[in-house]
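Participant: I'd like to ask some things about the structure below.
Taken together, the values in this text are just the output of simple stated rules run on the coordinates, not laboratory data. Since we're looking at a predicted model, the values are computed, not measured. Cβ: placed from backbone, ideal geometry, glycine included. Neighbour counts: every protein chain shown.
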Amino acid sequence: MLPAGGFAPPGICTLKEGMGLENISKVAPPEETAAAAERVPAVRMEGITKTFGPVTANDNVSLDIYNGEILSLLGENGSGKTTLMNMLSGIYYPDAGTISVNGKPVSIRSPKDAFDLHIGMIHQHFKLVNVLTAAENIILGLNEKFRLDLKGVRRSVAEICERYGFEIDPDKKVYDMSVSEKQTLEIVKVLYRGADILILDEPTAVLTPQETQRLFGVMRNMKADGKSIVIITHKLHEVMAISDRVAVLRKGAFVGSIATKDTDPQQLTDMMVGHAVTLNIDRPEPVNIRKCLEVENLSVVDIEGVTKLDSVSFTAYGGEILGVAGVSGSGQKELLEVIAGLQPARPGSSVIYTDMEGRTSSLLGKTPMEIKKLGVHLAFVPEDRLGMGLVGDLDIADNMLIRTYTDGSSMFVDMKKPRRLAEEIVHDFEVVTPGITTPVRKLSGGNVQKVLVGREISGKPSLLMSAYAVRGLDINTSYTIYRLMNEQKQRGAAVIYVGEDLDVLLELCDRILVLCAGKVSGIVDGRNTTKEQVGLMMTHLGLPEEAAE
């Protein structure tokens, strides 16, 4: 069991006074080294190497994971964090290196092998069957010798929940669950299968602050029970709050590890990037703001008759960033897609765009091409990167062409500009790729997002809408995106920024529109509100009438 302050095993990476990043050495205090030498790690990965064609995802990585600790795994996009954990969970098999579990060498060639070794991974995108209940999802895929004993599953689930502090209804259908409930189910599912080593990939990506704190409480309970927990995350404030130790990867290589109590967000960022990075998000005061988009009584019903947006009204101004906060599924996706001409709205809804000269246009009922022909310079970074934003089988250059292929009067497509733009984005955003002719489906999720954001911003829009623009991005690239958003704001564009990190929303946005179950809970000033207040409004527990615009 770890002491409260965290524990530094052998090979810990520390920064002595006066040492720069280039002088980091793998050293540890003698008393910690001696104590750690007596411990057998729950997992030891030595010399792990994994390549995908010409790209080296992991290069001779060695990492120890100990019983009863929470280890944060940090690194920029393309640094190999998820790939490394995918090898531990049986999704990939290393090209070189060895893995030992509880001191014994093992071969993990499938997720089943990982489960047999009591290793379970909770992925960022949940692996659940929507039409089944929680209990049915938990037992799905297990080799039951006799008929399914759902009563026994319910009893086991109740015991797990009582032991660690979970709250879950075994008979609830997945499609009726909130995002937090789905994540809880994924964790319970791997615990039911006997996992002692849990890997959580971006576990708080779509949780409210209150849900995040509940999850952290459960993680601490599991740690106290001797479980080993690895979290892959980009949220440094959460790393400082929950982890005992931090391991850092950079460009596929292991940089080092350090006890959380001995570090801070600035030092961790510098370790990830390799040089000093400023962690302050600028928020210049709005200047010469103008009405750009006026939404009134916007209502949307999906094909199954479910109301996604209910009489939503707000105004977005050129020269400001309007944030949109809400629990996942509160209507953020539908809001942006209606404005972009990708979804119909109910009669009585109104979306009016006003250009720089004061001319107005109604956007409802028009296709994206018709909106473009109106002269509306609209850019949209959708939530679904590959399903809606980019074409996975096309290369980076061809995906640049998607926005411009109708421009010009020639019957021949000009490929020089798309290739030049692709090269600029790869360079400016540091996209990890063999070249601009690489299909985007072969890129990591963060690099796909870089390509998409770069393409949309390159058009110098007057209205820029983004849904989770920094999801999956490392901190260095995220701050680049924030800077680009501010540049669009300062050149007079109206920016609508849908985000999931409330700390970022409060630092970046001038105003924040809060949605709950498709309705507006209120519009608050980003400079004068708190994360707790916004979190309560997201769950309809706040006081929207006091916070409203």
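Participant: If amide H atoms are built 1.01 Å from N in the plane of the peptide, which residues on other chains or at least 5 residues away come under 5 Å of the amide H of Gly256?
Facilitator: Those lying under 5 Å, H to H, from Gly256 are Val248.
Participant: Per-residue HN-Hα couplings for the range 243-249, Karplus 6.51 cos²θ - 1.76 cosθ + 1.60 at θ = phi - 60°, whole Hz, x for Gly and Pro?
Facilitator: Couplings: 8, 8, 8, 10, 10, 10, 10 Hz.
Participant: If eta is 0.890 mPa s and T is 25 °C, what Stokes-Einstein diffusion coefficient results for the chain, Kirkwood Rh from Cα pairs, in µm²/s?
Facilitator: 98
Participant: Of all DSSP beta bridges in the chain, what percent run antiparallel (nearest 5)? The partial results should precede the final answer.
Facilitator: Numbers: 46 of 82 bridges.
For the chain, the DSSP antiparallel bridge percentage is about 55.
Participant: Let me ask something else. On alpha carbon coordinates alone, what is the Rg over Rh value for the range 278-347, Rh being the Kirkwood radius?
Facilitator: Reported Rg/Rh (Cα atoms, Kirkwood Rh): 1.06.
Participant: Let me ask you something else. Just to be sure I follow: if Rg is taken over the C-alpha atoms of the range 41-136 and Rh is the Kirkwood radius over the same atoms, what is Rg/Rh? Kindly include the intermediate steps, with their values, before the conclusion.
Facilitator: Numbers: Rg = 14.5 Å, Rh = 14.5 Å.
Over the Cα atoms of the range 41-136, Rg/Rh equals 1.00.
Participant: Amide H to amide H under 5 Å from Lys172: which residues, 5+ apart in sequence or cross-chain, H placed 1.01 Å off N in plane?
Facilitator: Sorted by chain and number, the residues that satisfy this are Ala134, Ala135.
Participant: In which sequence would Val273, Val495, Val306, Val40 go, from the one with the fewest C-beta neighbours within 10 Å to the one with the most? Please report the intermediate quantities before stating the final value.
Facilitator: Working: Val273 18, Val495 28, Val306 9, Val40 12.
Taking fewest neighbouring Cβ atoms as first place, the list is Val306, Val40, Val273, Val495.
Participant: Continuing with the same structure: Per-residue HN-Hα couplings for the range 97-114, Karplus 6.51 cos²θ - 1.76 cosθ + 1.60 at θ = phi - 60°, whole Hz, x for Gly and Pro?
Facilitator: My calculation for the range 97-114 gives x, 10, 10, 10, 10, 6, x, 10, x, 9, 10, 10, 9, 7, x, 5, 4, 5 Hz in order.
Participant: Could you name the lysines in cross-link range of Lys291, using Cα to Cα under 29 Å and dropping any fewer than eight places away on the same chain?
Facilitator: Reachable lysines: Lys308, Lys333, Lys366, Lys372, Lys373, Lys460, Lys489, Lys519, Lys531.
Participant: Please state the shape class of the range 127-195: rounded when a/c is under 1.5, otherwise prolate if a/b exceeds b/c and oblate if not, all from the C-alpha gyration tensor. Mind dumping the intermediate values first?
Facilitator: On the way: a/c = 1.62, a/b = 1.17, b/c = 1.38.
In terms of gyration-tensor shape, oblate.
Participant: Here's a follow-up. Residue by residue, what Karplus-based ³J(HN,Hα) values in Hz, rounded to whole numbers, does the range 182-192 have, using 6.51, -1.76 and 1.60 with θ = phi - 60° and x for Gly and Pro?
Facilitator: 5, 5, 4, 4, 4, 5, 4, 4, 6, 5, 4
Participant: Within a 10 angstrom radius of the beta carbon, how do Cys516, Cys161, Cys509 rank from fewest other beta carbons to most? Before the final figure, lay out each step's value.
Facilitator: Values: Cys516 21, Cys161 18, Cys509 27.
Placing the least packed residue first, the sequence is Cys161, Cys516, Cys509.
Participant: Still on this structure: Averaging sequence separations of C-alpha pairs under 8 Å and six or more residues apart, then dividing by the length of the chain, give the relative contact order as a whole percent. Walk me through the numbers before you get to the answer.
Facilitator: Details: 1116 pairs, mean separation 82.7, N = 549.
Relative contact order, the chain: 15 percent.
Participant: How large is the translational diffusion coefficient of the range 240-297 in µm² per second when you combine the Kirkwood radius over alpha carbon pairs with Stokes-Einstein at 4 °C and 1.567 mPa s?
Facilitator: Working: Rh = 14.9 Å.
Estimated diffusion coefficient is 87 µm²/s.
Participant: Whole number please: convex hull volume per residue of the Cα set in the range 200-270, in Å³? Walk me through the intermediate numbers first.
Facilitator: Numbers: hull volume 7.0 nm³, N = 71.
Hull volume over Cα atoms, normalised by residue count, gives 99 Å³.
Participant: Based only on Cα atoms, what Rg/Rh ratio does the range 345-463 have, Rh being taken as Kirkwood's radius?
Facilitator: Working: Rg = 16.0 Å, Rh = 15.7 Å.
My calculation puts Rg/Rh at 1.02.
Participant: If you don't mind, another one. Students often check this: by mean Cβ neighbours within 10 Å, which of 523-529, 60-66 ranks highest, and how do the rest follow?
Facilitator: Numbers: 523-529: 17.1, 60-66: 19.7.
Highest mean packing first, the order is 60-66, 523-529.
Participant: Let me ask something else about it. So if I restrict to the alpha-carbon atoms in the range 432-549, what is the Rg, and what is Dmax, the biggest pairwise distance, in Å?
Facilitator: Reported Rg and Dmax, both Å: 16.2, 53.
Participant: Which order results if Thr307, Thr367 are arranged by neighbouring Cβ count within 10 Å, fewest first?
Facilitator: Numbers: Thr307 16, Thr367 11.
Neighbour counts put them in this order, fewest first: Thr367, Thr307.
Participant: How long are the semi-axes of the equivalent ellipsoid of the range 61-212, defined as square roots of 5 times the Cα gyration tensor eigenvalues? Whole Å, largest first. Before the final figure, lay out each step's value.
Facilitator: On the way: eigenvalues 148, 76, 40 Å².
Sorted largest first and rounded, they come to 27, 19, 14 Å.
Participant: Okay, helix-only estimate at 222 nm for the chain: each DSSP H run of n ≥ 4 adds -39500 (n - 2.57), divide by all residues, round to 500 deg cm²/dmol; what do you get?
Facilitator: Values: 18 runs with 170 residues, N = 549.
One gets -9000 deg cm²/dmol as the mean residue ellipticity at 222 nm.
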